[in-house]
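K.L.:
Attaching a single structure in structure tokens format; questions to follow.
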Amino acid sequence: MSNVIIQTDALTRRFGTRVAVDALTLEVHRGEVFGLLGPNGAGKSTTVRLLNGVLASHGGSARVFGQDVAAQAAQIRRRVGVLTETPTVYDGLTARQNLELVGEVYGLEPAQLPARIAEVLAEFELQTRADDKVATYSKGMRQRLAIARTFIHGPELVYLDEPTSGLDPEAARMVVELVQQQAHREGRTIFICTHNLDEAERLCDRVGVIDQGRMLAIGSPAELAHQLWQGYRVVIKLAEPLSDQQLQSLGEVTSRGDANNPPTLLEFSLPGLQAVPDLVSALCGVGARIVRVDPQHHSLRDIYFAVRQRHQRSGEGQ
Amino acid sequence: MNWRAIRAVIRKDLLQAASNRIIWVSFIGVPVMLLVIMPVGMVLMPQLVPEQIDLRELETMLRSVPPGLKARLGAFLADQMWVMLAANYMFMPFFLLVPMMISSIIAADGIAGEKERKTLEGLLYMPISDAELFISKVLAAWIPALAITLVSFIVYGLAVNLAGYGTMQRLFFPEPAWWPLVFLVAPAVSLASLAVTVIISAKAKSFMAAQQASGFIVLPVIALMVGQVSGLFFLSTWVVLLIGVLFWAIALMLAKIATNKISRDELVTQV
Ligand SMILES: Nc1ncnc2c1ncn2[C@@H]1O[C@H](COP(=O)(O)OP(=O)(O)OP(=O)(O)O)[C@@H](O)[C@H]1O
Ligand SMILES: [Mg+2]
């Protein structure tokens, strides 16, 4: 089976005259955690609805597991779990009853259902309150139950629409940890919509940045950083500045020294992390005395804002 | 059809509805009031307050009774006539009102209410077809409406027979028209009102809005009731059968229209 789990081509959806998803093209691969990042109203939830055939598209195509989402929505749904933006848990039911409902609709074996529910309740730390009505739960517990119900049937692909929104930091951390536990299991693919960049940084292997329904950039954080800053930045602090002679003998190792930096701080742009040892030995070779080597890490936050800035600039240029 | 999934959704809808206090009041309180307390009071009147039975009023009522029925009633004393009319005719329309009300409330809660609580979208992601979802929502509302009607009918029968025994000296309920009323007309009006509620709920934003908007469907029954009580006409077996057939035709037509309203795209565009 192909490694591409989700594939869309110019997927489009309008509401009236407003284009919610605008010619969106993306690919998500088996086993990865993909993050769709974007501000409020960017079109993240609409994308999830389109990918599940819950909403009809107005243009383009989308395939999940190689099947067309419009024509084969029913088959796709059996293999997918979705955490909606507002958690789908029923207040009038207990946690156990909520999970029974989902297990039965997804067709889990009746004989195995109680054991599977007990297992999921334990994994999501809900077993002590399993037979209490959900109406009595805290927001964090409701969200854990909502995520538990998303995973109960062992889906191959899971969508999580803002899994930590509205949770306190502790509850949010717990959710992130639970998602980390569930991800990378048996080749499971996870698609997260979020505007929480720290959470995305911890969870996602690849990300897409979306705004006004359009995909601004897509790739792994390292790939995106590479595209944005053309290379891998390393800052090296020296005990004393290099002489002109030393600099000359460094030869082809190019330093992009920043005029604002003190002369003991050198900035290099390298093709990748693997070039760092060569740079260090070259510096030592010319007699430089190194105090510190700082590979410049670009956080997802840096990447996200750089992508949006680049997009705004290109928009102004038009 | 995936009946296991349908059963699971019905069970969920009923459990969820059962946790709503307003719903309990309408399921237990209203039938008990309309179909037990009020009729027992009416039937007991000749024994408790004989002077209150106005013979002239009874005669006016009798004038508009169909001839066949009048002939049968002619054999009774005034007190007995009162009991017969009260127990066997006056409350007939309530047996249409109750199933309509119950099915409409559950359907409004199961669709508009679920939209309001934002849980409907999650249901749409599950492997259940639009048709299965429609059937679940219809059965979840229809089965309890019919069950409560049947239980009310049994309780009503026992209660009025018991309360009127002193006057009648025999079992006098039900008259033949009740059988088609309970088993033919009640399911049909219940289905019709349920279908109307589904159509309205698919558009409504909240349970209350759906409830209010679908309130108008009880108007024909209220008209029937006013007609009944003022002695305009009495429902004979044939009239009831005819109404039954008519309502089934209407109910099936409305249900057909309602099927098209339960589609994912329609529902999710509004959640
Ligand atoms: N049912 C609808 N009817 C009309 N417009 C809609 C509907 N659903 C979404 N939209 C519009 O489409 C755009 C994208 O909405 P969407 O909910 O997909 O954004 P989002 O990225 O999930 O935002 P958020 O972070 O707020 O959840 C928004 O402008 C929104 O107003
Ligand atoms: Mg959203």
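K.L.:
Looking at region A:87-106, is at least one residue within 16 Å of ligand 1 (Cβ to nearest atom) and touching a residue at least 12 places away in the same chain (Cβ under 8 Å)?
P.N.:
Yes, region A:87-106 contains at least one residue that is within 16 Å of ligand 1 (Cβ to nearest atom) and touching a residue at least 12 places away in the same chain (Cβ under 8 Å).
K.L.:
Answer yes or no as to whether A:L99 is at pLDDT 95 or above, within 13 Å of another protein chain (Cβ to nearest Cβ), surrounded by fewer than 21 Cβ atoms within 10 Å (Cβ to Cβ) and within 30 Å of B:M1 (Cα to Cα). Reasoning before the result, please.
P.N.:
Details: at pLDDT 95 or above: yes; within 13 Å of another protein chain (Cβ to nearest Cβ): yes; surrounded by fewer than 21 Cβ atoms within 10 Å (Cβ to Cβ): no; within 30 Å of B:M1 (Cα to Cα): yes.
Criteria not met by A:L99.
K.L.:
Can you work out which of the residues in region A:102-115 that are outside any loop (DSSP other than H, G, I, E, B) and more than 11 Å from chain B (Cβ to nearest Cβ) is surrounded by the fewest Cβ atoms within 10 Å (Cβ to Cβ)? Give the derivation first.
P.N.:
Step one: filter region A:102-115 for residues outside any loop (DSSP other than H, G, I, E, B), giving A:102-105, A:113-115.
Within this subset, residues satisfying the condition of being more than 11 Å from chain B (Cβ to nearest Cβ) are A:114-115.
On the way: A:P114: 13, A:A115: 10.
Checking each candidate, the answer is A:A115.
K.L.:
Right, something else. Could you check A:F34 against (1) surrounded by 22 or more Cβ atoms within 10 Å (Cβ to Cβ); (2) more than 16 Å from ligand 1 (Cβ to nearest atom) and say which number it fails?
P.N.:
For A:F34, the failing item is (2).
K.L.:
Can you go through A:A122, A:A135, A:A148, A:A118 and tell me which one is aliphatic (A, V, I, L, M), farther than 26 Å from B:M1 by Cα and buried (at least 20 other Cβ atoms within 10 Å of the Cβ)? Walk me through how you get there before you give the answer.
P.N.:
Numbers: A:A122 fails: buried (at least 20 other Cβ atoms within 10 Å of the Cβ); A:A135 fails: buried (at least 20 other Cβ atoms within 10 Å of the Cβ); A:A118 fails: buried (at least 20 other Cβ atoms within 10 Å of the Cβ).
Only one candidate passes the filter, namely A:A148.
K.L.:
All but one of (1) at pLDDT 85 or above; (2) not in a helix (DSSP H, G or I) hold for B:S190, so report the exception by its number.
P.N.:
B:S190 satisfies all of (1) at pLDDT 85 or above; (2) not in a helix (DSSP H, G or I) except (2).
K.L.:
Within region B:1-52, how many residues are of a type in the set (A, V, I, L, M), within 23 Å of the chain's Cα centre (by Cα) and away from chain A (no Cβ under 14 Å)? Even if it seems obvious, please write down each step before you answer.
P.N.:
Looking only at region B:1-52, we keep the residues that are of a type in the set (A, V, I, L, M), and these are B:1, B:5-6, B:8-10, B:14-15, B:17-18, B:22-23, B:25, B:28, B:30, B:32-38, B:40, B:42-45, B:48-49.
Next cut, within 23 Å of the chain's Cα centre (by Cα) only: B:10, B:14-15, B:17-18, B:22-23, B:25, B:28, B:30, B:32-38, B:40, B:42-43.
Imposing the further condition that a residue be away from chain A (no Cβ under 14 Å) reduces the set to B:25, B:28, B:30, B:32-38, B:40, B:42-43.
Residues in region B:1-52 being of a type in the set (A, V, I, L, M), within 23 Å of the chain's Cα centre (by Cα) and away from chain A (no Cβ under 14 Å): 13 in total.
K.L.:
Got a sec? Which of B:S206, B:S193 is surrounded by fewer than 20 Cβ atoms within 10 Å (Cβ to Cβ) and among the polar types (S, T, N, Q)? Please lay out each step first, then the result.
P.N.:
On the way: B:S193 fails: surrounded by fewer than 20 Cβ atoms within 10 Å (Cβ to Cβ).
Of B:S206, B:S193, the one residue that is surrounded by fewer than 20 Cβ atoms within 10 Å (Cβ to Cβ) and among the polar types (S, T, N, Q) is B:S206.
K.L.:
Can you name the condition, by its number, that A:S57 falls short on among (1) more than 8 Å from chain B (Cβ to nearest Cβ); (2) out of contact with any helix residue (DSSP H, G or I) (no Cβ under 8 Å at 6 or more places or on another chain); (3) at pLDDT below 95?
P.N.:
For A:S57, the exception is condition (2).
K.L.:
Name the residues in region B:154-173 that are surrounded by fewer than 18 Cβ atoms within 10 Å (Cβ to Cβ) and either under 18 Å from B:D79 (Cα atoms) or in contact with an Asp or Glu (Cβ under 8 Å, 6 or more places away or on another chain) (or both), would you? Spell out the reasoning first.
P.N.:
Restricting attention to region B:154-173, the residues satisfying the condition of being surrounded by fewer than 18 Cβ atoms within 10 Å (Cβ to Cβ) are B:154-155, B:157-158, B:161-162, B:165-166, B:169-171.
Across region B:154-173, the qualifying residues are B:N161, B:L162, B:Y165, B:G166, B:Q169, B:R170, B:L171.
K.L.:
Further question on the same structure: When residues of region A:4-49 are filtered for being within 14 Å of chain B (Cβ to nearest Cβ) and out of contact with any strand residue (DSSP E or B) (no Cβ under 6 Å at 6 or more places or on another chain), how many remain?
P.N.:
Looking only at that region, the number is 5.
K.L.:
Return the pair list, or none, for Cβ contacts closer than 6 Å from residues in region B:101-123 that are basic (K, R) to residues that are surrounded by fewer than 24 Cβ atoms within 10 Å (Cβ to Cβ), at least 6 apart or on different chains.
P.N.:
B:K115/B:V271; B:K118/A:T86
K.L.:
In region A:240-318, which helices (runs of 4 or more DSSP H) lie fully inside it and hold 1 or more residues that are surrounded by 13 or more Cβ atoms within 10 Å (Cβ to Cβ) and modelled with pLDDT under 85?
P.N.:
Numbers: elements: A:244-250, A:276-285, A:300-317.
Helices (runs of 4 or more DSSP H) meeting the threshold: A:244-250.
K.L.:
Taking into account only those residues within region B:103-122 that are at the interface with another protein chain (Cβ under 7 Å from one of its Cβ atoms) and part of a helix (DSSP H, G or I), which is farthest from A:R78 (Cα to Cα)? Can you show your working first?
P.N.:
If we filter region B:103-122 for residues that are at the interface with another protein chain (Cβ under 7 Å from one of its Cβ atoms), which is where we start, we get B:118-119, B:121-122.
Then drop every residue that is not part of a helix (DSSP H, G or I), which leaves B:121-122.
Numbers: B:E121: 16, B:G122: 14 Å.
The extreme case among them is B:E121.
K.L.:
Of all residues being more than 12 Å from ligand 2 (Cβ to nearest atom) and touching a Gly at 6+ places or on another chain (Cβ under 6 Å) in region A:22-47, which is farthest from A:L83 (Cα to Cα)? Just the residue, please.
P.N.:
A:D22
K.L.:
Write out, first by first residue and then by second, each pair whose Cβ atoms fall under 8 Å of each other, whose residues are 6+ apart or on separate chains, and whose first residue, in region A:143-162, is under 15 Å from A:R79 (Cα atoms) while the second is within 16 Å of ligand 1 (Cβ to nearest atom) and part of a helix (DSSP H, G or I).
P.N.:
Correct list of pairs: A:Y159/A:V48; A:Y159/A:L51.
K.L.:
Would you check if there is a residue in region A:74-84 being within 14 Å of ligand 1 (Cβ to nearest atom), over 27 Å from A:M141 (Cβ atoms) and at pLDDT 95 or above? Walk me through how you get there before you give the answer.
P.N.:
First, the residues of region A:74-84 that are within 14 Å of ligand 1 (Cβ to nearest atom): A:82-84.
Okay, now just the ones that are also over 27 Å from A:M141 (Cβ atoms), so none.
So far as region A:74-84 goes, no, none of its residues is within 14 Å of ligand 1 (Cβ to nearest atom), over 27 Å from A:M141 (Cβ atoms) and at pLDDT 95 or above.
K.L.:
Name the pairs: first residue in region A:56-85 and among the aromatic types (F, W, Y), second residue assigned to a loop (DSSP other than H, G, I, E, B), Cβ to Cβ under 9 Å, at least 6 apart or on different chains?
P.N.:
Matching pairs, first to second residue: A:F65/A:M1; A:F65/A:S2; A:F65/A:Q72; A:F65/A:R79; A:F65/A:E156.
K.L.:
Okay, moving on. Taking the residues in region A:72-96 that are surrounded by fewer than 22 Cβ atoms within 10 Å (Cβ to Cβ) and within 16 Å of ligand 2 (Cβ to nearest atom) as candidates, determine which candidate is nearest to the other protein chains (Cβ to nearest Cβ).
P.N.:
A:T86
K.L.:
Would a scan of region A:145-162 turn up a residue that is part of a loop (DSSP other than H, G, I, E, B) and within 16 Å of ligand 1 (Cβ to nearest atom)?
P.N.:
Yes, there is a match, as at least one residue in region A:145-162 is part of a loop (DSSP other than H, G, I, E, B) and within 16 Å of ligand 1 (Cβ to nearest atom).
The values are calculated or read from the model by the stated rules, or taken from the named source; none is laboratory data. Given the structure is predicted, the values throughout are model-derived calculations rather than measurements. Methodologically, a virtual Cβ is constructed for each residue, glycine included, from the backbone with ideal geometry; neighbour enumeration extends over all protein chains shown.
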